[in-house]
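Novice: Let me begin by handing over the structure; questions about it come next.
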Amino acid sequence: MADRAKLLTTPGVFGNFSTYKVRADYMKLPAAERKAAAAEAQMVIDKHKDKVIVDTYLTRGLGAGSDYLLRVHSTDMAATQAFLVDWRATKLGMYSDVTENLVGITKALNYISKDKSPDLNAGLSSATYSDSAPRYVIVIPVKKDAAWWNMSDEQRLKEIEVHTQPTLQYLVNVKRKLYHSTGLADADFITYFETADLAAFNNLLIALAKVPENTHHVRWGNPTVLGTIQSADVLVKTLSGM
Amino acid sequence: MADRAKLLTTPGVFGNFSTYKVRADYMKLPAAERKAAAAEAQMVIDKHKDKVIVDTYLTRGLGAGSDYLLRVHSTDMAATQAFLVDWRATKLGMYSDVTENLVGITKALNYISKDKSPDLNAGLSSATYSDSAPRYVIVIPVKKDAAWWNMSDEQRLKEIEVHTQPTLQYLVNVKRKLYHSTGLADADFITYFETADLAAFNNLLIALAKVPENTHHVRWGNPTVLGTIQSADVLVKTLSGM
Amino acid sequence: MADRAKLLTTPGVFGNFSTYKVRADYMKLPAAERKAAAAEAQMVIDKHKDKVIVDTYLTRGLGAGSDYLLRVHSTDMAATQAFLVDWRATKLGMYSDVTENLVGITKALNYISKDKSPDLNAGLSSATYSDSAPRYVIVIPVKKDAAWWNMSDEQRLKEIEVHTQPTLQYLVNVKRKLYHSTGLADADFITYFETADLAAFNNLLIALAKVPENTHHVRWGNPTVLGTIQSADVLVKTLSGM
Amino acid sequence: MADRAKLLTTPGVFGNFSTYKVRADYMKLPAAERKAAAAEAQMVIDKHKDKVIVDTYLTRGLGAGSDYLLRVHSTDMAATQAFLVDWRATKLGMYSDVTENLVGITKALNYISKDKSPDLNAGLSSATYSDSAPRYVIVIPVKKDAAWWNMSDEQRLKEIEVHTQPTLQYLVNVKRKLYHSTGLADADFITYFETADLAAFNNLLIALAKVPENTHHVRWGNPTVLGTIQSADVLVKTLSGM
Amino acid sequence: MADRAKLLTTPGVFGNFSTYKVRADYMKLPAAERKAAAAEAQMVIDKHKDKVIVDTYLTRGLGAGSDYLLRVHSTDMAATQAFLVDWRATKLGMYSDVTENLVGITKALNYISKDKSPDLNAGLSSATYSDSAPRYVIVIPVKKDAAWWNMSDEQRLKEIEVHTQPTLQYLVNVKRKLYHSTGLADADFITYFETADLAAFNNLLIALAKVPENTHHVRWGNPTVLGTIQSADVLVKTLSGM
């Protein structure tokens, strides 16, 4: 069975984010069929549990682009694809249209490492999430302009240091995770956040808007995906009107 | 029961704006089903009235993007989501496609406060809406460029002062409300207006186009949502052909 | 009954432009139902004739965005909305999807007035339309950049004078009308033209492309709506295959 | 009957380009209905042959935007519209969704005339198409920026001379035709090409990319329409699975 | 029968890339019909095997834009079109909507040739793919700005040399192929990659982002197509739920 803790913390893991809209005719299915959907979804998750882990989120009502979000991790992108193909063959999946699908890979810290930026690296380790359990997820794709990528490594390091400083205070109430997507999707990064405090998150993102790095964003959101963290069971039942 | 006056005036409240198109097949439902839709909509609003308040607007005929607009306030975004999930499970909701959905949070005045800009702050308090009851709503999403956010606080304060001055004369005939959305949606602000005088509103927005702040808009509208203020009962009956 | 001549010439009148595509399944309706559509459309126009006037245009075959265009004038935008809601409840309206909908308000001349620019104002009055009756309509939405709006009034007056000069020669074969939309729609202006001579109109628009004002267009068209002027009766019958 | 040779060579003729996708349910019609479609299409073309000429192209498989392209010429745009309205009432037309529709007008040479640019004008006449019969069509809409239109006539002439020089060598294997669209569509020009040699055409367009005029393109393609030249009979049969 | 090795290595060959979404109602077909789809797809490929070669890829789950990708090579674009028209007439094809379709032509090396850039040319030949068999495909359309095309040939050569240098190290784990599309599609190039190592590919694309050439990209992706390499048989069976 896939090791969830390891997949969520080690480099070289593929993250796959896909959002879906449930088509209107799904609710016209007999209640019995929709009632069976949650168990079927869980069965597919279980079928692939040796290779992939799946997180599920309800986005309906929090953004126009989707009703739900899947985050899938695996060390083998083909295994992730196999799961998503099976998901689309479930009852709910057959009535779902994919509206965004971004893939990325996790890496060791590029800039704020012990070697390159020891103080900020220490800062990143000095605090951990201490708020109540996160209820919300936010996914924000990022694409940077050619000027950013054509900077020297030193210049980019400086920019990321300026970026990192104001974020330290939010370590206690916003969890973050970064995926690298250049060439794998129409984004350079997928930034993933969990929080119980959307006001704090809003302030964090305003702080990130205020640093020069922001002048190099050609995509920052579009879509910004906001959802609530839900078990697959609750998610599918909610979308099935159960 | 949620305190409407408080939710509409205090900081830290979440505002959720969603627009919908009613699918063509809705009008093919038997009249009896459509006739029941208004009562059902009210029932869902009542079910959630302890946590959320709901305002409803008819946008059909005033913009291509939607037939109606919902504005939902709550101190808990998950409660707002729960209401909207239930709305989508009503008869009208099942035949509605969401076309835009933006969320934001209210805050105390950032710039034109008693401390930072006392004269303009006094100006904002010197006049109140005195026109006939507003019949129209306008919602305009705003996103600002990186140059704006990278200004010093003092520079931004100056810009907002220049922005505020020409708006004072419209306090008497345009009501306004501001929501902060950075990181929560693909916008930095949701600006909400009510008026009985669309000509005055047009002049207000021209005045806002004429200040330097306007050079920092990367989104200002898109969509501009224009609607008439309607009770949920009238809204649903109108869209149901009743 | 609404005074057509007055609504088309006085300031403070709301103009509403909406374009529609007829869904494919409309033609699958029994011929009898489609045959009744023209009379029903006229009935709705008549029902609202005390408050709104309606002009109808066939755009099918002249642009990908729509099959027909409605232009509605009224001194009360809510009355316009009431008409359009009723239109959408007619047989043809129920099978129509709105593809664009822009609203604006008429105003007295802002720039080329007797006071500010007497010579050009006289020029505007020196010639009137003398070609054969217009058969074509063109609607072009305009949005101007922040630099335009941040000019001084004098600068903008000069730009509009340069804009106006080359247009004088087309007074004889192109009719024009201007609506102001800032804040009411995602445009600053709706420019409306009627002509019998599309070659002359093409030359007029090339002349307008050649003045510096054109550097301030962030929207100029998108869509450019081209249609033929048709009575409601002919329009509905044409689209109904009658 | 409309004079094809004249319509294709004289100024003041309207060209109408429309692309279509055939809806999926077309192939679910009984074979007999689809079999009759080709004759019906020809009948409509014949009905209008006194005023319009029609060229037909198969684009399926060569671009995502359409399955087929119609090019219609007439000296009266309303006559063109009448044909296209009738086309949409044929069996195939009823199952077609229009995906682009641009109109333009032919004019005498603006720049490379005998007077203004005698050498290049002679160059344009010095060679004619001598390759095998064209099998392919390419349609590329063009929109130029305000800086282009604000150049003096002399500057623009120079730019077009630089544009024309490298194109002379392709006179033998690429046919071209130009339509003017400013104000009639969201383009300034429709450029139309026929060729039997797509490699030569690719080289021609690379040559055009390499001249300064290219810096003034705000639209150059989008869509680029590539198709094969087909009779109406073959086109309709192919799309009908016959 | 078409010579696969030759078509994949010689200049003057047309490459056609098309992506598709399978419509939701496909899965509502009786299993027997879907079961026959794979054989039917193979039959169509075989029917055209004298002129075209077809490669098939599963993209579902790896991007929102499509479920599968076809790459077709031929020396005659009309032959390619004939195949794709037949594909769309298969059971799966009839339930497929094309979402992107780009065409290009292969050419001899333009810049890094033995003559112009002997060292880098030798570098390109010094290593060959030595990783395990590729499992993944990536297709990235490229469009360059007018400034790029207006450079002298020498300047562009220098840029491409700087582009090529960091790519040499990836010859061992990423296969590449280039198609020229100017004027044939809304792109200048189609870049095609195969790899077994998506992490290496991500690093290659980051290296390409870091060279000045990247400042001249007006399209680089949009869509980035990521898929797994599958036989037609497996592809069709997977999408058919078999």
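Novice: If you place +1 on the Cβ of every Lys and Arg and -1 on the Cβ of every Asp and Glu, how big does the dipole about the Cα centre of the protein assembly as shown come out, in debye to the nearest 20?
Specialist: 2160
Novice: Another one. Within 10 Å of each Cβ in E:129-138, how many Cβ atoms from other chains are there, averaged over the peptide?
Specialist: 1
Novice: Taking a cut-off of 22 Å between Cα atoms, list the lysines near D:Lys210, but don't count ones fewer than 8 places away on the same chain.
Specialist: List returned: D:Lys143, D:Lys144, D:Lys158, D:Lys175, D:Lys177, E:Lys107, E:Lys116, E:Lys143, E:Lys144, E:Lys158.
Novice: May I ask for the distance between the Cα centers of region A:176-218 and region D:157-205, given as a whole number of Å?
Specialist: Cα centroid of region A:176-218 versus Cα centroid of region D:157-205: 44 Å apart.
Novice: May I ask for the angle, rounded to the nearest 10°, between helix D:77-88 and the longest principal axis of chain D, with both axes built from Cα atoms and the value confined to 0 to 90°?
Specialist: The answer is roughly 40 degrees.
Novice: Rounded to whole Å, give me the distance from the Cα center of region E:1-30 to that of region E:68-120.
Specialist: Distance between centres, Cα-based: 8 Å.
Novice: May I pose another question? Can you tell me the accessible area per residue over region E:109-226, all protein chains present, probe 1.4 angstrom, in square angstrom?
Specialist: Values: 4730 Å² over 118 residues.
Dividing the accessible area of region E:109-226 by its residue count gives 40 Å².
Novice: Sticking with this structure for a sec: Describe numerically, in nm with one decimal, the distance between label points set 7 Å from Cα along Cα→Cβ at D:Leu8 and at D:Ile206.
Specialist: So the two model labels end up 3.0 nm from each other.
Novice: What does the C-alpha gyration tensor say about the overall shape of chain E? Classify as rounded when a/c is under 1.5, otherwise prolate if a/b is larger than b/c, or oblate.
Specialist: Prolate.
Novice: Further question: For B:Ser126, go 7 angstrom from Cα along the Cα-to-Cβ vector, then report the distances to that same point in the other copies in nm, smallest first.
Specialist: Inter-copy label distances (nm, one decimal, shortest first): 4.7, 4.7, 7.6, 7.6.
Novice: So for chain A, taking the charge dipole from beta-carbon charges (+1 Lys/Arg, -1 Asp/Glu), which of A:Val211, A:Phe17, A:Asn173 sits furthest toward the positive end?
Specialist: The residue sitting farthest along the positive end of the dipole is A:Phe17.
Novice: Residues of region C:224-238 that become at least 30 Å² less accessible with every protein chain present than in their own chain isolated, using 1.4 Å: which are they?
Specialist: When all protein chains are present, C:Thr224, C:Leu226 each give up 30 Å² or more of accessible surface.
Novice: Next question, about the same structure. State, in square angstrom and to the nearest 100, the accessible area buried between chains A and E, both chains counted, probe radius 1.4 Å.
Specialist: Details: alone 11880 and 11860 Å², together 21020 Å².
When A and E are taken together, about 2700 Å² of accessible area is lost.
Novice: Over region A:138-242, what is the mean sequence separation of C-alpha contacts under 8 Å (at least six apart), divided by residue count, expressed as relative contact order in percent?
Specialist: Details: 120 pairs, mean separation 46.2, N = 105.
Once normalised by length, the contact order is 44 percent.
Novice: Counting only protein chains, not ligands or nucleic acids, how are E:Asp50, C:Asp131, E:Asp186 ordered by accessible area (probe 1.4 Å), most first?
Specialist: E:Asp50, C:Asp131, E:Asp186
Novice: Report the paramagnetic label zone for B:Ala127: residues of region B:152-174 whose backbone N is under 12 Å from a point 7 Å from Cα along the Cα-to-Cβ axis.
Specialist: B:165-174
Novice: If I compute solvent accessible area with a 1.4 Å probe over the protein chains, what percent of it on the protein assembly as shown is carbon and sulfur?
Specialist: Roughly 55 percent of what the probe reaches on the protein assembly as shown is carbon or sulfur.
Novice: Taking region E:29-91, which trypsin sites (Lys or Arg not before Pro) meet the DSSP loop condition and have no more than 15 other C-beta atoms within 10 Å?
Specialist: Working: sites: E:Arg34, E:Lys35, E:Lys47, E:Lys49, E:Lys51, E:Arg60, E:Arg71, E:Arg88, E:Lys91; in loops: E:Lys49, E:Lys51, E:Arg60.
Those that pass, being in a loop and sparsely packed, are E:Lys49.
Novice: Follow-up. How large is the charge dipole for region E:109-226, taken about the Cα centre, if only the Cβ atoms of Lys, Arg (+1) and Asp, Glu (-1) carry charge, to the nearest 20 debye?
Specialist: Dipole magnitude for region E:109-226 comes out near 200 debye.
Novice: Beyond 26 Å, what share of the Cα-Cα pairs of region E:109-226 is found? Please give it as a whole percent. Could the numbers behind the result be given before it?
Specialist: On the way: 1200 of 6903 pairs.
Roughly 17 percent, once rounded to a whole number.
Novice: In peptide E:176-184, how many Cβ atoms from other protein chains are near each Cβ within 10 Å, on average?
Specialist: 6
Novice: Counting each DSSP H run of 4 or more residues in the protein assembly as shown as -39500 (n - 2.57), what helix-only mean residue ellipticity at 222 nm follows after dividing by all residues, to the nearest 500 deg cm²/dmol?
Specialist: For the protein assembly as shown, the value works out to -9000 deg cm²/dmol.
Novice: If you don't mind, there's one more thing I want to ask. When the chain is fully extended, how far beyond the present Cα-Cα distance does E:Lys116 get from E:Asp233, taking 0.36 nm per residue of separation? Walk me through the numbers before you get to the answer.
Specialist: On the way: separation 117, 0.36 × 117 = 42.12 nm, distance 4.41 nm.
Once the chain is fully extended between E:Lys116 and E:Asp233, it gains 37.7 nm.
Novice: I've got another one for you. What does the charge add up to near E:Gln81, with Lys and Arg as +1, Asp and Glu as -1, over the other residues with Cβ less than 13 Å from its Cβ?
Specialist: +1
Novice: Next question, about the same structure. Under the definition of partner shielding as Cβ atoms of other protein chains within 10 Å of a residue Cβ, what is the mean value for peptide D:187-193?
Specialist: Per residue, the number of nearby Cβ atoms from other chains is 1 on average.
Novice: Only Cα pairs under 8 Å and at least 6 apart count here; give the relative contact order of chain E as a rounded whole percent.
Specialist: Working: 452 pairs, mean separation 69.6, N = 242.
The normalised contact order for chain E reaches 29 percent.
Novice: Quick one: dipole size for chain E, taken about the Cα centre, charges +1 on Lys/Arg Cβ and -1 on Asp/Glu Cβ, in debye to the nearest 20.
Specialist: The dipole magnitude comes to about 460 debye.
The values are calculated or read from the model by the stated rules, or taken from the named source; none is laboratory data. Please read these numbers as outputs of a predicted model, since none were measured by experiment. Every residue, glycine among them, receives a Cβ derived from its backbone with ideal geometry; neighbour counts consider all protein chains shown. For accessibility, only protein heavy atoms count, side chains too; no ligands or nucleic acids. Shrake-Rupley method; radii C 1.70, N 1.55, O 1.52, S 1.80 Å.
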